[in-house]
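The values are calculated or read from the model by the stated rules, or taken from the named source; none is laboratory data. Keep in mind that this is a model prediction, so the values were computed, not measured. Quick reminder, even Gly has a Cβ in these numbers, built from the backbone with ideal geometry, and neighbours come from all protein chains shown. Ligands, DNA and RNA are excluded from the accessible area calculation, which covers all protein heavy atoms including side chains. Shrake-Rupley method; radii C 1.70, N 1.55, O 1.52, S 1.80 Å.
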Amino acid sequence: SNDAIELWSLDLTSKQSQPLTTGGDVNLEPRFSPDGASIAFVSTSYNRHFHIFAGEFSGGRLKNVRRMTGENRSTLPRYYYSVFDHEISPAWSPDGSELLFVSNRGHLYGTGGFWRMKAVPGAEAHEIHSEETAWKARPQFSPDGKRIVYASYLGQQWLQLWVMPAEGGDAFPLSYGAFDNLNPRWSPDGRRIAFISNRDGN
């Protein structure tokens, strides 16, 4: 399919790359589990809707791929999104036991709030932060698993960095300005956050 986006892996020793998916679907946002044994990703391979999948990564290949999140048809009168709820932006907990993701389940506008679930197919997910986020939120656990960093415009013009407790609770901003700060990622020691910004450096 001309619309297909496949996942690939690159072996840095041999410099050889090979496809991880070949189904002709849209596959996005691959994330290795902390132990490197699994990859979570977003795919339209089930009914052409965006859901979270995960598979075992071994020998440079993806095996035993399973859909982690369910299919839910919403009764909300959405204007911009499908009547089918989506799940995007998967992130593993530091111990690899849970997945964090964004879903618009129960949301009318935006890409939705933050949800957590056990990293087991069909496990019940629960929403820990309700916000009409943009798809650029891309939440991530801190290395100690106690906090979540993400980007949000929270009804304003610019995306800024925010942090919140990993179990849910009050969020507070880490950055301000008339420019976008987004795609935050913790350093392994949890002391710094790297991010993308369109701020003028001069």
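Scanning region 58-116 for residues that are of a type in the set (A, V, I, L, M) and either within 17 Å of GLY145 (Cα to Cα) or touching a strand residue (DSSP E or B) at 6+ places or on another chain (Cβ under 9 Å) (or both) yields LEU62, VAL65, MET68, VAL83, ILE88, ALA91, LEU99, LEU100, VAL102, LEU108.
If THR22 passes every condition in (1) farther than 22 Å from MET117 by Cβ; (2) open to solvent by less than 50 Å² (accessible area, probe 1.4 Å); (3) in a loop (DSSP other than H, G, I, E, B) but one, which one does it miss? Checking THR22 against (1) farther than 22 Å from MET117 by Cβ; (2) open to solvent by less than 50 Å² (accessible area, probe 1.4 Å); (3) in a loop (DSSP other than H, G, I, E, B), the one that fails is (2). Note on region 144-161: residues that are under 16 Å from the mean Cα position of the chain (by Cα), closer than 16 Å to ALA91 by Cα and either surrounded by fewer than 18 Cβ atoms within 10 Å (Cβ to Cβ) or not small (Gly, Ala, Ser) (or both) total 5.
Just to verify a result, which residue in region 50-62, among those that are over 13 Å from the mean Cα position of the chain (by Cα) and over 13 Å from GLN18 (Cβ atoms), is least open to solvent (accessible area, probe 1.4 Å)? If we take residues in region 50-62 being over 13 Å from the mean Cα position of the chain (by Cα) and over 13 Å from GLN18 (Cβ atoms), then GLY55 is least open to solvent (accessible area, probe 1.4 Å).
Only residues that are out of contact with any Gly (no Cβ under 6 Å at 6 or more places or on another chain), open to solvent by less than 50 Å² (accessible area, probe 1.4 Å) and either modelled with pLDDT under 95 or part of a loop (DSSP other than H, G, I, E, B) (or both) were counted across region 32-48, and they come to 2.
Would you confirm whether or not region 171-179 contains a residue that is open to solvent by 40 Å² or more (accessible area, probe 1.4 Å), of a type in the set (Phe, Trp, Tyr) and assigned to a loop (DSSP other than H, G, I, E, B)? Within region 171-179, one or more residues are open to solvent by 40 Å² or more (accessible area, probe 1.4 Å), of a type in the set (Phe, Trp, Tyr) and assigned to a loop (DSSP other than H, G, I, E, B).
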